[in-house]
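Everything below concerns the one structure shown next.
The values are calculated or read from the model by the stated rules, or taken from the named source; none is laboratory data. As the structure is a prediction and not an experimental result, all values here were calculated from the model. Here the Cβ positions follow ideal geometry from the backbone for every residue, glycine too, while neighbour counts run over all protein chains shown.
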Amino acid sequence: MAPLRWCLLCLLLLLGSRAQKFPTRDEELFQMQIRDKTFFHDSSVIPDGAEISSFLFRDTPKRFFFMVEEDNTPLSVTVTPCDTPLEWKLSLQELPEEASGEGSGEPEPLERQKQQVTEEEGTELFSYKGNDVESFLSSSSPSGLYQLELLSTEKDTHFQVYATTTPESDQPYPELPYDPRVDITALGRTTVTLAWKPSPTASLLKQPVHYCVVLNRQHNFKSLCAAEAGLSLDDTFMTAPKPGLDFSPFDFAHFGFPVETSGQGRSLLVKPSPKLGRQASLRPKADIQKICIGNKNIFTISDLKPDTQYYFDVFVVNSRSNTSTAYVGTFTRTKEEAKQKTMELKDGKVTDVFVKRKGMKFLRFAPVSSHQKVTFFVHSCLDAVQIQVRRDGQLLLSQSVEGVRQFLLRGKPKAKYLVRLKGSRKGASLLKVLASTRPSKQAFPALPEDMRIKAFDRLRTCSSATVAWLGTQERNKFCIYKKEVDDHYSEEQKRREQNQCLGPDMRKKSEKVLCKYFHSQNLQKAVTTETIQGLQPGRAYLLDVYVIGHGGHSVKYQSKVVKTRKFC
């Protein structure tokens, strides 16, 4: 068994005629041939047992060579396309007898050598066209010079090549288990859990491996190289292969020759290709993620989008050689977002609604009869709430609501209304909502623009306090309640008790002061005052006024804290 050798003989056979004799003055010949830089740039030699990464320009074939020195040698050649299909073929040129010995005489002219390399195509052993990882395997190969030629007709692309003369028992790539499928063991709206059987390379061959998971929304990948090509949309990956993996046989700068990057002498290691850079910038961004997770064979992916199809691939990577093998990928669609339950609003009836902090609730109103106008009453009991109203999908209203608001909208035959309520960031919200096609029949009481309670400081005594509040032109019932609080009654405590939807029925009978009716056609005179008696000297009291509508629904004014005089 003979390995693939990095040797001067192989390079000379690569670059010259198959009949060229190896000179005795090899140093002189080497200096003569190295001056033709372009000739060396057209070829590369494949090392034995190492995977190399290289690059193809579109419609520009690339050739690799290696030599097998003895007959009956096992041979394996594997080509991995990365991001586009490749055409490749492997051919053999048997060595003449004089090429393998210590020949003598002068070397043939260089131009003639190049012409003979082109004319002598050799025997084609294998060919393939596609984007699968494909291999040529032979348990007994003849000696000779082997040529691997690759071509990409679609676009500039990366690829990988692995060649070896070691027996098949020496697995260059990690092995897959008997069942190489990737299974989905748990599925949610934003998470997917994957599981797969471990590679025998770790358990049987005792070689270190790790696993990489790749997900995207387009398709499954046949190789890790293909996934990384999709990931690397920036110029770094597209124009700078890994150091030492893509090379010309000689370093011309080391021998004093200037490095050229135009024409046939272009090299990816010297200068990024402008053509490739432009191509990379024009490509759309790929939504691909790669996560390497060590040697565990179960993994949960989070932060996915609901109701979205994803493709999942798992690759086992030999941690020493960095070669990889793809499991059989899978795909699935994440679960939909939990559909919001839609509450039905009945014409003319009040509906109580609870909205979580920053949450949303949807209400539906579908009048059974034709209507010209629709009135929405919204009573936000605590913090402000954002309301949107759509009619048959068209947005009619979007506002912030605090307290009680009334919205009069133009109707439409057989129209359906969707109300969206969005809660505050401060906390949960309580609301009362009413929709009616009969605006004249109001379940909520009419309210003044200012719902504050005013206390008269000069009218305070040791046992009484006088307050006033505004009314409306409509006759309503007003009830006033009092509750003693301590001197340290804070605004936060007061805010917690500002639930305007809690009516007088939630108060103790001992807290009730009185109820009365009043109104005024002149809004400037729609003011009422009330003196609350029987208070204790130097004490603080929380006063509340409720206005109660004809339908029995009440709305609370803003609470007011008053303090009686300590000395009179």
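Take the residues of region 276-317 that are at pLDDT below 90 and over 23 Å from the mean Cα position of the chain (by Cα): which is surrounded by the most Cβ atoms within 10 Å (Cβ to Cβ)?
Among those residues, the one meeting the criterion is Leu276.
Filtering region 375-418 down to residues that are hydroxyl-bearing (Ser, Thr, Tyr) and under 26 Å from Lys556 (Cα atoms), which residue is nearest to the chain's Cα centre (by Cα)?
Of the residues in region 375-418, the ones hydroxyl-bearing (Ser, Thr, Tyr) are 375, 380, 398, 400, 417.
Retained after the next criterion (residues that are under 26 Å from Lys556 (Cα atoms)): 375, 380, 398, 400.
Working: Thr375: 43, Ser380: 37, Ser398: 30, Ser400: 32 Å.
The qualifying residue nearest to the chain's Cα centre (by Cα) is Ser398.
Would you confirm, using the coordinates I've provided, whether Ser152 is surrounded by fewer than 19 Cβ atoms within 10 Å (Cβ to Cβ) and either within 27 Å of Phe299 (Cβ to Cβ) or not aliphatic (A, V, I, L, M) (or both)?
Working: surrounded by fewer than 19 Cβ atoms within 10 Å (Cβ to Cβ): no; either within 27 Å of Phe299 (Cβ to Cβ) or not aliphatic (A, V, I, L, M) (or both): yes.
Taking the combined requirement at face value, the residue does not satisfy it.
With respect to Thr166, is the statement that it is part of a loop (DSSP other than H, G, I, E, B) and under 30 Å from Ile46 (Cα atoms) true?
Details: part of a loop (DSSP other than H, G, I, E, B): yes; under 30 Å from Ile46 (Cα atoms): yes.
It is true that Thr166 is part of a loop (DSSP other than H, G, I, E, B) and under 30 Å from Ile46 (Cα atoms).
If I ask for residues that are outside any strand (DSSP E or B) and within 15 Å of Leu125 (Cα to Cα), which ones from region 135-163 would you list? Steps first, please.
The initial filter retains those residues of region 135-163 that are outside any strand (DSSP E or B), namely 142-143, 152-156.
The answer is Pro142, Ser143.
Given the criteria touching a residue at least 40 places away in the same chain (Cβ under 8 Å), in contact with a helix residue (DSSP H, G or I) (Cβ under 8 Å, 6 or more places away or on another chain) and closer than 11 Å to Val214 by Cα, does Ile288 qualify? Before the answer, list the steps.
On the way: touching a residue at least 40 places away in the same chain (Cβ under 8 Å): yes; in contact with a helix residue (DSSP H, G or I) (Cβ under 8 Å, 6 or more places away or on another chain): yes; closer than 11 Å to Val214 by Cα: yes.
Considered against the rule, which asks whether it is touching a residue at least 40 places away in the same chain (Cβ under 8 Å), in contact with a helix residue (DSSP H, G or I) (Cβ under 8 Å, 6 or more places away or on another chain) and closer than 11 Å to Val214 by Cα, Ile288 comes out as yes.
Output the residue which, of all residues in region 177-204 that are among the hydroxyl-bearing types (Ser, Thr, Tyr) and in a loop (DSSP other than H, G, I, E, B), is nearest to Lys305 (Cα to Cα). Steps first, please.
Quick first cut of region 177-204, residues among the hydroxyl-bearing types (Ser, Thr, Tyr) only: 178, 185, 190-191, 193, 199, 201, 203.
Keeping just the survivors that are in a loop (DSSP other than H, G, I, E, B) gives 178, 190-191, 199.
Working: Tyr178: 33, Thr190: 6, Thr191: 9, Ser199: 31 Å.
Ranking the candidates gives Thr190 first.
If I go through region 358-411 residue by residue, how many of them are part of a strand (DSSP E or B), small (Gly, Ala, Ser) and in contact (Cβ under 8 Å) with a residue 24 or more places away in the chain? Spell out the reasoning first.
Going residue by residue through region 358-411, those that are part of a strand (DSSP E or B) are 360-365, 373-391, 394-410.
Retained after the next criterion (residues that are small (Gly, Ala, Ser)): 380, 384, 398, 400, 403.
Filter once more, so that each one left must be in contact (Cβ under 8 Å) with a residue 24 or more places away in the chain: 380, 384, 403.
Total satisfying the criteria: 3.
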